[in-house]
Amino acid sequence: MHINRALLAAAVATVANSEVHTVDVGEGGLKFEPQTLNPKKGDTVIFHLYPRHNVVSGSFDKPCEFNDDSWFSGPFDQTDNGKKKYVVNVTSEEPVWYYCAVQRHCQNGMVGAWNAPSSGNTINAYANAAQNVGQASTPQSIKGGELFEDEQIASLTGSSPSATQSEGFNSTGATTTASGSQAPSRSSNASATESGALASNTGAADSLHAGSVTGIFGVVIGIAAWFL
Ligand SMILES: [Cu+2]
C-alpha cells in the first residue's frame, strides 16, 4: 500500500492535537510542581520522578490511599535514575487526586491533583486531610501508565510526527517486553481513549502501534477521499 508521506504527516498532525503536561515529582522537596493542572480528556501527563519519590492516584475521600482505579508510577528505582518518565493518559475531566507514597511524604503535603475544584474539595482540603492519615499505601507495581524515555515520549506525543511510524514503536516494544515485570498490564480505565490513535499512548506498544495505524489510516482515507 502506498500512502503519500506528506499526506500521512498531515494526518498525524491532525490527530495529534492534544496537550502534553509535565509534572516534576520531588525535584525541590516534598512537592509536585505544578501542584495542580487542568488537563483535558485526551491530553497526556508526564511525571518526571526525582530520587526516591513516586506518584499514586487515589480518591479525595481517602488521601494517601490507592484503590482499584489507581495508577502508579512504580518506585523511583525502576526509572533508570529518572531517565524514564511516567506517562499517563487523561481519560476524563473529573478531578484526579494523587500523592507520593514514600514514607510520610503524602502526610507532609506531597499531593497534587488534576482538575481540582476551586471550592469545596480543593487541593488544600485534600492536603489537610492527608495530614491525618496513618500510613500511605503503595500499589504492588506500575499500573495505569507507562515508563518512557524522552525520545519515546517525543514520538508518542507527536512533537516529531515522522517518528510515529512502526519502527519507533517496535523498538519501544522490545524495551518494554525485555523489562519483564515492568511491562504494564493494560489498564481498563485507559481504554476509553484507545480508539483515538495517538491518544493511546499508555497502552502496550503493540496495541499502540495498531491503534495509531488504524486511527491514521482512517484519517488518511478521509483526506484522500476529499482530494481524489
Ligand atoms: Cu515523595
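Condition check: buried (at least 21 other Cβ atoms within 10 Å of the Cβ), in the same structural domain as GLY42 (by TED's automatic domain parsing), away from the ligand (no atom under 15 Å from the Cβ) and under 22 Å from ASP150 (Cβ atoms). Does VAL88 satisfy that? Considered against the rule, which asks whether it is buried (at least 21 other Cβ atoms within 10 Å of the Cβ), in the same structural domain as GLY42 (by TED's automatic domain parsing), away from the ligand (no atom under 15 Å from the Cβ) and under 22 Å from ASP150 (Cβ atoms), VAL88 comes out as yes. When the residues of the range 103-118 are narrowed to those that are over 13 Å from PHE32 (Cβ atoms) and within 15 Å of the ligand (Cβ to nearest atom), which ends up surrounded by the most Cβ atoms within 10 Å (Cβ to Cβ)? Within the range 103-118, the match that is surrounded by the most Cβ atoms within 10 Å (Cβ to Cβ) is GLN107.
This table checks each residue for (1) crowded, with 19+ Cβ neighbours inside 10 Å; (2) within 16 Å of the ligand (Cβ to nearest atom); (3) assigned to a strand (DSSP E or B).
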site: SER18; (1), (2), (3): yes, no, no
site: THR22; (1), (2), (3): no, no, yes
site: GLU27; (1), (2), (3): no, yes, no
site: LYS40; (1), (2), (3): no, no, no
site: VAL45; (1), (2), (3): yes, no, yes
site: ARG52; (1), (2), (3): no, yes, no
site: TYR98; (1), (2), (3): yes, yes, yes
site: GLY120; (1), (2), (3): no, no, no
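Every condition in (1) part of a loop (DSSP other than H, G, I, E, B); (2) more than 16 Å from the ligand (Cβ to nearest atom); (3) touching a strand residue (DSSP E or B) at 6+ places or on another chain (Cβ under 9 Å) is met by LEU147 except one, and the failing one is (1). When residues in the range 123-142 are screened for being in contact with a Ser or Thr (Cβ under 8 Å, 6 or more places away or on another chain), surrounded by fewer than 22 Cβ atoms within 10 Å (Cβ to Cβ) and within 16 Å of SER70 (Cβ to Cβ), 2 of them pass.
The values are calculated or read from the model by the stated rules, or taken from the named source; none is laboratory data. These numbers were taken from a predicted model, which means no experiment stands behind them. Note: ideal-geometry Cβ built from the backbone for every residue, glycine included; neighbour counts use all protein chains shown.
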